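What follows is a short report on a single structure.
The values are calculated or read from the model by the stated rules, or taken from the named source; none is laboratory data. Small disclaimer: the values here were computed from a predicted structure and weren't measured. Glycine also receives a Cβ, built like all others from the backbone with ideal geometry; neighbour counts cover every protein chain displayed. Each accessible area value is taken on the protein alone, full model and side chains, heavy atoms only, with ligands, DNA and RNA left out. Shrake-Rupley method; radii C 1.70, N 1.55, O 1.52, S 1.80 Å.
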Amino acid sequence: ETFETLIRLAENYTSTLFCNAYRNMAAEAATRIQEFFTDVGLFIFGTDISTEEFVNRFFDNLFPVVYNHIINPGQTDISLEYAECLRMARRDIRPFGNIPKKVIGQMGRSLLPSRTFLQALNLGIEVINTTDHLHFSKDCGRALLRMQYCPHCQGLTLSKPCMGYCLNVIRGCLAYMAEVDLHWQAYIQSLEELSSAMRGTYDIEHVLLNFHSVVNDALIQARVHRPELSEQVNKVCGPPVRKPAQSPSCSFDQNKDSEGLKMFSRDSEETLANRRKEFISHLRLYRAFYGGLADQLCGNELAAADGLPCWNGEDVVRSYTLRVVGSGIKAQFGNPEVKVKGTDPVINQIIDKLKHIIQV
């Protein structure tokens, strides 16, 4: 939603530029602006389109409008065929100088990290949802039943399992999940690195919200070089062919979306960079989530505190005497409470996805 709001605001700024400074061409430019920001959104949200292609398309489509109103204005608009010729010739004539090339660089550098960041967030959600709905083995189910409810049969309703016993049972049950731990840690670190690198030319907020001023520079460039451009166009497309119609003036509603855009006021703390920073600092607290889950569950709610009488699966004792295993599948060899076999294909799939996004 934050990214969508940012795109809408950048579109709003660009349309406002035309309404304020180039009113007579604002209505024609509006469609081009809308198409451009639709492409920006499609790219960020994962559609396979090229930034170079849609930036070039924007300037190709803008050229006939600029020619019609700035380079060679007339009483009526140029014909569709003539506009098409201008569109095709824009890259050779270069009415906007080096600016389209500069925009291609800016868009490529700033949109790709944001696209990757969003892909990574979506994968994070998938990892959490997948691990949240894992099915546990029958062996794990039996061990949990014995740990939690068997003392009740002996009337020992207040006795809690021993810490070592609890760790063996829960680590056995969560052995597959603990395999995610290393990759989850690397994933959060990658997100952190990507986020802190998204500044300057890599900062989508900076690039998109300044797009209108880059477009203004392009229009000024075309105005300054009017005579030469007019001559070049005549050579390539011939003299302008006009049709009996006049462009409507600006119809853009500048108050539109103002409510939803308040969070993006430039002096506010609610910048995208700040929100990202805050989000990453929260996420950092859960870096070791999967590796330490069994310890957290036993330590916080399930097991008896050290030194207190506790349930060991058969009786209430002073302490648990069997070997306590570590986390993860390999560590479960010899777990006295739960038998763990092989690996989990669902977890393997999640790990592969994490490896891939870290690489990206």
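Would you confirm whether any residue within the stretch 47-60 is touching a strand residue (DSSP E or B) at 6+ places or on another chain (Cβ under 8 Å), surrounded by fewer than 19 Cβ atoms within 10 Å (Cβ to Cβ) and in the same structural domain as Val207 (by the TED database)?
no
Got a sec? Which of Asn168, Asn210 is without any contact (Cβ under 8 Å) to a residue 24 or more places away in the chain, of a type in the set (S, T, N, Q) and at negative phi?
Going through Asn168, Asn210 in turn, the sole match is Asn210.
In the stretch 315-337, which residues are part of a loop (DSSP other than H, G, I, E, B), among the hydrophobic types (A, V, I, L, M, F, W, C) and open to solvent by less than 70 Å² (accessible area, probe 1.4 Å)?
Selection gives Val324, Val325, Ile329.
For the stretch 48-81, enumerate the residues that are at pLDDT below 90 and of a type in the set (Ser, Thr, Tyr).
Thr76, Ser79
Among all residue pairs at least 6 apart or on different chains, which show Cβ distances below 6 Å where the first residue, located in the stretch 230-244, is under 12 Å from Ile71 (Cα atoms) and the second is of a type in the set (A, V, I, L, M) and part of a helix (DSSP H, G or I)?
Pairs found: Ser230/Ile71; Gln232/Ile93.
Just give me the residues in the stretch 298-330 being under 30 Å from Glu193 (Cα atoms) and of a type outside the set (Gly, Ala, Ser), in sequence order.
Ile329
In the stretch 1-33, how many are in a loop (DSSP other than H, G, I, E, B) and crowded, with 16+ Cβ neighbours inside 10 Å?
Number satisfying all stated conditions: 1.
Does the stretch 39-51 hold any residues that are in contact (Cβ under 8 Å) with a residue 40 or more places away in the chain, out of contact with any Gly (no Cβ under 6 Å at 6 or more places or on another chain) and in a helix (DSSP H, G or I), and which are they?
Val40, Phe43, Ile44
If Phe36 satisfies all but one of (1) in contact (Cβ under 8 Å) with a residue 12 or more places away in the chain; (2) open to solvent by 20 Å² or more (accessible area, probe 1.4 Å); (3) within 30 Å of Ala120 (Cα to Cα), what's the number of the condition it fails?
(2)
Taking the residues in the stretch 338-352 that are among the charged types (D, E, K, R) and out of contact with any Asp or Glu (no Cβ under 7 Å at 6 or more places or on another chain) as candidates, determine which candidate is least open to solvent (accessible area, probe 1.4 Å).
Asp344
Looking at the stretch 71-174, what helices (runs of 4 or more DSSP H) fall wholly within it and have at least 1 residues that are under 30 Å from Ile49 (Cα atoms) and aromatic (Phe, Trp, Tyr)?
Helices (runs of 4 or more DSSP H) meeting the threshold: 80-93, 99-132.
Confirm whether Arg287 is farther than 25 Å from Gln148 by Cα and not assigned by the TED database to the domain that holds Leu182.
So Arg287 fails the test.
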